[in-house]
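Here is the structure we will look at, set down as structure tokens.
The values are calculated or read from the model by the stated rules, or taken from the named source; none is laboratory data. It should be emphasised that the depicted structure is a prediction, and the values quoted were computed from it without experimental measurement. We place every Cβ from the backbone using ideal geometry, glycine too, and count neighbours over all the protein chains shown.
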Amino acid sequence: MDLSEPVLVTAEGLQKLKHDLEDARARRKEAGERMKEAAQPGDIEDNPEFEQAKEEVASLDNKIYELEEMIGRAQIIQEHHGSVAEPGSTIEVEDADGQVETWHLVGAVEADPGAGRISVESPVGRAVLGRRTGDRVTVNAPSGVIELTVKAVH
């Protein structure tokens, strides 16, 4: 996680991050209580319950830190309805086989390619940024070279 870069998120994505932070803090409190209870007998050297709770606390502390950092650096992506593809745009692309897909361009935190949410930081996302209807792009993706035609920008 680059701590100098803004985190691009939609308004709903920011709310999800805040919800995840609340959830992580609640789970951290529960894990801390379990760790305290497991330490009660006094011998924590050979105590698997204590070790498990301690590991969970450390993991949740890291998650809380990351979520706080992302929320603190969040830059809201506005919905765009212009003719140029940019973060917040919804675009339709056609591949070389004639298959048309609709993608919503989002920040890396919200990316979910299976759900049509493409990160603007991914090879495909970077390639379509700034493009207009009718533009053709060639993408060097991990899966190989992809030829796309932008069919529409919303």
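Per-structure values
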| quantity | calculated |
| --- | --- |
| Only one of ILE118, ILE91 that is aliphatic (A, V, I, L, M), farther than 24 Å from ARG73 by Cβ and touching a Leu at 6+ places or on another chain (Cβ under 8 Å) | ILE91 |
| Flag if ILE146 is over 19 Å from the mean Cα position of the chain (by Cα) and assigned to a strand (DSSP E or B) | yes |
| Top-ranked residue of the stretch 129-143 - restricted to ones that are under 25 Å from GLN75 (Cα atoms) and over 22 Å from the mean Cα position of the chain (by Cα), ranked as surrounded by the fewest Cβ atoms within 10 Å (Cβ to Cβ) | ARG132 |
| Odd one out for GLU49 among (1) over 28 Å from GLN15 (Cβ atoms); (2) at pLDDT 95 or above; (3) not polar (S, T, N, Q) | (2) |
| Residue check, SER143 within 17 Å of HIS80 (Cα to Cα) and either modelled with pLDDT under 95 or among the polar types (S, T, N, Q) (or both) | no |
| Qualifying residue in the stretch 52-71 (condition: within 18 Å of LEU17 (Cβ to Cβ), surrounded by fewer than 15 Cβ atoms within 10 Å (Cβ to Cβ) and of a type in the set (S, T, N, Q)) | yes |
| Criterion (closer than 30 Å to ALA24 by Cβ and within 19 Å of the chain's Cα centre (by Cα)) met by exactly one of ARG117, ARG126 | ARG117 |
| ALA115 at pLDDT 95 or above and either hydroxyl-bearing (Ser, Thr, Tyr) or loosely packed, with under 12 Cβ neighbours inside 10 Å (or both) | yes |
| Residue among ASP97, ASP61 that is assigned to a helix (DSSP H, G or I) and either among the acidic types (Asp, Glu) or in contact with a strand residue (DSSP E or B) (Cβ under 7 Å, 6 or more places away or on another chain) (or both) | ASP61 |
| Criterion: surrounded by fewer than 16 Cβ atoms within 10 Å (Cβ to Cβ) and either touching a residue at least 60 places away in the same chain (Cβ under 8 Å) or assigned by TED's automatic domain parsing to the domain that holds LYS63 (or both) - qualifying residue of VAL109, VAL84 | VAL84 |
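So that you can scan it fast, the table gives a plain yes or no per residue for (1) in contact with an Asp or Glu (Cβ under 8 Å, 6 or more places away or on another chain); (2) acidic (Asp, Glu); (3) more than 19 Å from LEU148 (Cβ to Cβ); (4) outside any loop (DSSP other than H, G, I, E, B):
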position	(1), (2), (3), (4)
ASP46	no, yes, yes, no
GLN52	no, no, yes, yes
LEU67	yes, no, yes, yes
GLU79	no, yes, yes, no
VAL84	no, no, no, no
LEU105	yes, no, no, yes
GLY114	no, no, no, yes
GLY125	no, no, no, yes
